[in-house]
Amino acid sequence: MRPGPLGWPARIVAAALLALGPVPGSAQSVDVESVDRNPLVRDARWLVPGPHQLLNPGREALEQALRERLDQQRFEDAEQLLPALSLLGADDERRADVRAAIDQARLRWKDDQRARFDEALAQGRFEHAEAMIAELVALGLAPDDISELRDRLDDARQYGGRQPGSQFQERLPGDSTPGPVMVVIPAGSFLMGSDRREPGHIGHEWPRHRVRFARGFALARNETTVGQFGRFIAETGYVTDAEKAGAAPVYLLSTGRIARHPDISWREDYSGRPADDELPVIHVSWNDAVAYASWLAERTGAPYRLPSEAEFEYALRAGTASRYWWGDAAPSSPTENVTGGFDRLRGDRRWRVAFEFYRDDFWGPAPVGSLAANPFGLYDMGGNVMEWVADCWHDSYGRAPADGSAWVNPGCPRRVLRGGSWSATPDMSRSAYRLAARTDSTDPRAGFRVARDL
């Protein structure tokens with residue numbers, strides 16, 4: 001836009017000319033509404049010198065033009081007309097009022113656009129939200145505001161409109177009972193597996209490799225409980241693998257050995273007694289865990305599933321690269337339900353191999369969430385019970401996916417268990433530790449938790 005005689009744009013000159021009446025030497029008068037198309041206005045270089053009467057009708061026309069520009073969200077154009085108010089006799093108070101009106105209109109417009117943008121994100125209309133950002137750029141929204149909207153759109157695409165670290169529950173339709181508490185796990189990357197120099201390293205934890213998660217996902221805050229699994233059984237009548245077999249392994253309190261015992265199922269605890277609802281469900285196979293996750297997905301309409309092995313280790317480590325998520329040595333305070341040198345069963349039995357000088361006061365599985373959460377806000381990832389994941393068993397990570405997806409071969413007979421357990425030695429409690437088991441096998445040290453796509 002070309003400047004006027006005092007550094008003003010030609011548009012402001014035109015606004016002043018409106019009140020001055022016909023320009024000397026011309027029969028043409030200037031109309032504010034013709035600012036963008038009138039050659040006289042476009043080519044204005046100067047104000048004609050000489051005394052002129054500033055008329056109220058001119059100021060009223062200018063303020064009408066201001067209102068119209070605000071209605072059209074042309075805030076920059078409205079601000080460019082402000083200096084012309086002085087030429088038309090407006091005092092400081094009136095100019096301040098007009099400035100405040102422009103600022104308030106801009107704020108109302110921004111609030112309205114934000115509400116529309118939030119609605120688009122909540123509905124998953126990401127392409128529409130992207131188009132809104134482009135439109136707001138064209139309309140002159142401040143760069144900082146545009147940057148914020150772009151960040152929020154990226155987060156919504158990665159986390160389904162939620163924030164990393166946030167928690168949510170979904171109710172089962174037709175049931176007042178909520179589903180599991182889910183934690184939003186941030187996108188990122190980590191080194192999966194263990195270095196050969198790590199104490200306790202096993203060959204199938206190698207080669208250590210980087211896994212990148214382009215999108216976040218959700219993981220259950222706790223292991224699936226007896227009560228949660230019981231609701232699934234009550235609704236579906238599902239028969240578990242242990243019930244089909246008529247027996248399952250239990251921990252014998254008298255000898256400290258694990259042996260197969262008849263009539264053991266998900267309803268019993270690690271020693272064969274009736275299990276409390278808040279204990280992690282055990283004596284469940286990989287098949288049983290998949291059946292529960294599939295039922296939860298069907299009931300909620302949300303993509304629940306078992307986590308991949310990479311997702312589990314990534315969430316277990318929670319940004320750490322140490323031997324355990326809490327460090328490289330025994331915990332300094334009750335942290336995970338693992339073997340502790342100061343743990344005792346009935347006053348006399350103790351663990352032969354354990355974390356020296358550690359005590360968590362549990363022998364057998366603890367009610368979920370009894371101890372500390374890891375940095376991602378997840379409980380019992382490195383202890384309590386081992387957990388089934390989606391992957392087939394492979395003897396190394398030689399061709400493992402780098403994107404965090406499950407490594408699955410159709411019909412594979414063995415799946416992976418991850419995480420420590422109540423009977424895990426220090427080597428078995430490491431973040432990289434993994435174990436293979438048949439898809440129909442059960443154990444008093446094994447349970448599961450669910451994951452969910454966002």
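None of Leu136, Leu141 is in a helix (DSSP H, G or I), surrounded by 15 or more Cβ atoms within 10 Å (Cβ to Cβ) and in contact with a helix residue (DSSP H, G or I) (Cβ under 9 Å, 6 or more places away or on another chain) except Leu136. Against the conditions (1) hydroxyl-bearing (Ser, Thr, Tyr); (2) at pLDDT 95 or above; (3) open to solvent by 30 Å² or more (accessible area, probe 1.4 Å), Thr300 satisfies every one except (2). Cβ separations smaller than 9 Å between residues 6+ apart or across chains give the following pairs from the range 125-146 residues that are closer than 18 Å to Arg69 by Cα to residues that are at pLDDT 85 or above and not aliphatic (A, V, I, L, M): Leu136/Phe117; Leu136/Asp145; Val137/Pro143.
Screening Asn409 on (1) polar (S, T, N, Q); (2) under 25 Å from Gln228 (Cβ atoms); (3) free of Cβ contacts under 8 Å to residues at least 40 places away in the same chain shows it passes everything except condition (2).
Which one of these does Arg352 not meet: (1) part of a loop (DSSP other than H, G, I, E, B); (2) charged (D, E, K, R); (3) touching a residue at least 24 places away in the same chain (Cβ under 8 Å); (4) open to solvent by 10 Å² or more (accessible area, probe 1.4 Å)? Every condition holds for Arg352 apart from (3). Look through Ala437, Ala424 and report the one residue that is over 29 Å from the mean Cα position of the chain (by Cα), in a strand (DSSP E or B) and in contact (Cβ under 8 Å) with a residue 60 or more places away in the chain. Exactly one of Ala437, Ala424 is over 29 Å from the mean Cα position of the chain (by Cα), in a strand (DSSP E or B) and in contact (Cβ under 8 Å) with a residue 60 or more places away in the chain, namely Ala437.
Can Val183 be described as in contact (Cβ under 8 Å) with a residue 40 or more places away in the chain, hydrophobic (A, V, I, L, M, F, W, C) and on the phi < 0 side of the Ramachandran plot?
Yes: the conditions hold for Val183.
The set of residues in the range 218-273 being within 29 Å of the chain's Cα centre (by Cα) and open to solvent by 70 Å² or more (accessible area, probe 1.4 Å) consists of Arg231 alone.
All conditions but one from (1) open to solvent by 40 Å² or more (accessible area, probe 1.4 Å); (2) within 17 Å of Ser308 (Cα to Cα) apply to Met381; the one that does not is (1). For the residues Pro83, Pro57, the requirement of being open to solvent by 20 Å² or more (accessible area, probe 1.4 Å), in a helix (DSSP H, G or I), more than 22 Å from Asp111 (Cα to Cα) and modelled with pLDDT of 75 or more singles out Pro83. Scanning the range 275-288 for residues that are open to solvent by 10 Å² or more (accessible area, probe 1.4 Å) and within 21 Å of Gly369 (Cβ to Cβ) returns Ala275, Asp276, Asp277, Glu278, Leu279. Being within 23 Å of the chain's Cα centre (by Cα) and on the phi > 0 side of the Ramachandran plot is the filter here, so list the residues in the range 354-375 that pass it. Hit for the range 354-375 is Gly369, nothing else.
Every condition in (1) open to solvent by 40 Å² or more (accessible area, probe 1.4 Å); (2) modelled with pLDDT of 95 or more holds for Tyr397 except the one numbered (1).
Could you tell me whether any residue of the range 152-174 is more than 27 Å from Gly319 (Cβ to Cβ) and in a helix (DSSP H, G or I)? Within the range 152-174, none of the residues are more than 27 Å from Gly319 (Cβ to Cβ) and in a helix (DSSP H, G or I).
Glu119 - would you say it is at negative phi, open to solvent by 70 Å² or more (accessible area, probe 1.4 Å) and touching a Lys or Arg at 6+ places or on another chain (Cβ under 9 Å)?
Against the criterion (at negative phi, open to solvent by 70 Å² or more (accessible area, probe 1.4 Å) and touching a Lys or Arg at 6+ places or on another chain (Cβ under 9 Å)), Glu119 qualifies.
Comparison of Gly161, Gly203, Gly165 shows that the only residue that is open to solvent by 40 Å² or more (accessible area, probe 1.4 Å), at pLDDT 95 or above and either within 11 Å of the chain's Cα centre (by Cα) or under 24 Å from Met381 (Cβ atoms) (or both) is Gly203. Scanning the range 276-327 for residues that are aromatic (Phe, Trp, Tyr) and in contact with a helix residue (DSSP H, G or I) (Cβ under 8 Å, 6 or more places away or on another chain) turns up Tyr292, Trp295, Tyr304, Tyr324, Trp325.
Looking at Ala366, Ala291, just one residue is surrounded by 22 or more Cβ atoms within 10 Å (Cβ to Cβ) and under 20 Å from Gly447 (Cβ atoms), and that residue is Ala366. Annotation note: of Arg150, Arg196, Arg99, the sole residue that is out of contact with any Leu (no Cβ under 8 Å at 6 or more places or on another chain), free of Cβ contacts under 8 Å to residues at least 60 places away in the same chain and farther than 30 Å from Arg434 by Cα is Arg150.
Among the residues of the range 336-349, count how many are charged (D, E, K, R) and open to solvent by less than 30 Å² (accessible area, probe 1.4 Å). The total comes to 2.
The values are calculated or read from the model by the stated rules, or taken from the named source; none is laboratory data. Just so you know, these numbers come straight off a predicted model, no measurement behind them. As a convention, Cβ positions derive from the backbone with ideal geometry for all residues, glycine included, and neighbour counts pool all protein chains shown. What goes into the accessible areas is simple: the full protein's heavy atoms, side chains included, and nothing from ligands, DNA or RNA. Shrake-Rupley method; radii C 1.70, N 1.55, O 1.52, S 1.80 Å.
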